[in-house]
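Asker: Sending over a structure as structure tokens; questions will come in a sec.
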Amino acid sequence: MAEETVCLGVIVGARGLKGEVRIKSFTHEPEDVAAYGTLIDQAGDRQFDLRVTGKVKGLVIGRIAGIADRDAAEALKGQELYLPRSALPAPEDETYYHADLIGLVAETAEGEALGSVRAVYDFGAGDVLEIAGGGHGTVMVPFTRNTVPKLDMAAGRLVIDPPDGLLEPPDEEAKEDK
């Protein structure tokens, strides 16, 4: 079995003419996208030796060994950058890698199944869990202590205390207004 990997960022485009790339980093400190060693593609077939050279508008600017011009940098647009999980430090208490949350079963305190965590997003105001596969369709849940009061990694589950209205069916009147 291949070693588990974690996506640390994605190349979103080129910068300048000399092969620099713009990277959306998924690390807590954006510059840390290059701090843990050589990055790889998801299959582990290609390696990327990344050196961070700056930051601009929420993105990291970097140079990848062997990429020397804008065309080569543009060809990498959309490339996700992974690292073997074993290269990352263990998370501190009550902190989690997004990859660890994917697949956890979500249920209410009363035991109602809501589905499983499909994705974790950070739109700037804190993490949001996308939960799908239950009877409520896909729901977006703030990943806060109040909304997710219990997380049991060993059991592969989390308990959701849904905010008012989160699990309510869509308002028929609101549908008609559209």
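Asker: Extension gain residue 55-residue 29, at 0.36 nm per residue separation less the Cα-Cα distance, in nm?
Answerer: Details: separation 26, 0.36 × 26 = 9.36 nm, distance 1.14 nm.
Using 0.36 nm per residue and subtracting the Cα-Cα distance, I get 8.2 nm.
Asker: Taking Cα centroids, how far is the stretch 22-51 from the stretch 123-169 in Å?
Answerer: Distance between centres, Cα-based: 29 Å.
Asker: Let me check I've understood the local charge: for residue 127, count other residues with C-beta under 14 angstrom from its C-beta, Lys and Arg +1, Asp and Glu -1. What total comes out? It would help to have the intermediate numbers written out before the result.
Answerer: Details: positive: 118, 145; negative: 94, 100, 122, 130.
Local charge sum for residue 127: -2.
Asker: Per DSSP helix of 4 or more residues, -39500 (n - 2.57); summed, then divided by the residues of the chain. What does that give at 222 nm, rounded to the nearest 500?
Answerer: Details: 3 runs with 15 residues, N = 178.
Counting only the DSSP helices, I get -1500 deg cm²/dmol.
Asker: Quick check: residue separation of residue 71 and residue 41 times 0.36 nm, minus the Cα distance between them. What number comes out in nm? Before the final figure, lay out the partial values.
Answerer: Values: separation 30, 0.36 × 30 = 10.80 nm, distance 1.92 nm.
Result: 8.9 nm gained on full extension.
Asker: Just to be sure I understand: with springs between alpha-carbon atoms less than 10 Å apart, which residue in 66, 124, 78 has the highest mean-square fluctuation in the Gaussian network model of the chain?
Answerer: Maximum fluctuation in the GNM of the chain, among the listed residues, is at 124.
Asker: Note down the magnitude of the dipole of the stretch 98-160 about its Cα centre, charges +1 on Lys and Arg C-beta and -1 on Asp and Glu C-beta and zero elsewhere, to the nearest 20 debye. All intermediate terms of the calculation are to be shown ahead of the outcome.
Answerer: Numbers: 4 positive and 8 negative charges, 6 e Å.
The dipole of the stretch 98-160 has a size of about 20 debye.
Asker: So which residue, out of 92, 31, 20, gets the largest mean-square fluctuation from a GNM of the chain using Cα contacts under 10 Å as springs?
Answerer: Answer for the Gaussian network model of the chain: 92.
Asker: Placing +1 at every Lys and Arg Cβ and -1 at every Asp and Glu Cβ, with all other atoms neutral, what dipole size does the stretch 4-135 have around its Cα centre, in debye to the nearest 20?
Answerer: Details: 13 positive and 22 negative charges, 201 e Å.
Magnitude of the dipole: close to 960 debye.
Asker: For 28, 98, what ranking results if the residue with the fewest other Cβ atoms within 10 Å of its Cβ goes first?
Answerer: Fewest to most other Cβ atoms nearby, the residues stand as 28, 98.
Asker: Rank 136, 68, 154 by how far each Cα sits towards the positive end of the charge dipole of the chain (+1 on Lys, Arg Cβ; -1 on Asp, Glu Cβ) and give me just the farthest.
Answerer: After comparing all options, I get 68.
Asker: For the chain, with a Gaussian network of springs between Cα atoms less than 10 Å apart, report the residue from 158, 83, 167 with the top mean-square fluctuation.
Answerer: 167
Just so you know, all these numbers are worked out from the coordinates, no wet-lab data involved. As the structure is a computational prediction, the values presented were derived from the model and not from experiment. Cβ sites come from the backbone with ideal geometry, for glycine too, and all protein chains shown count toward neighbours.
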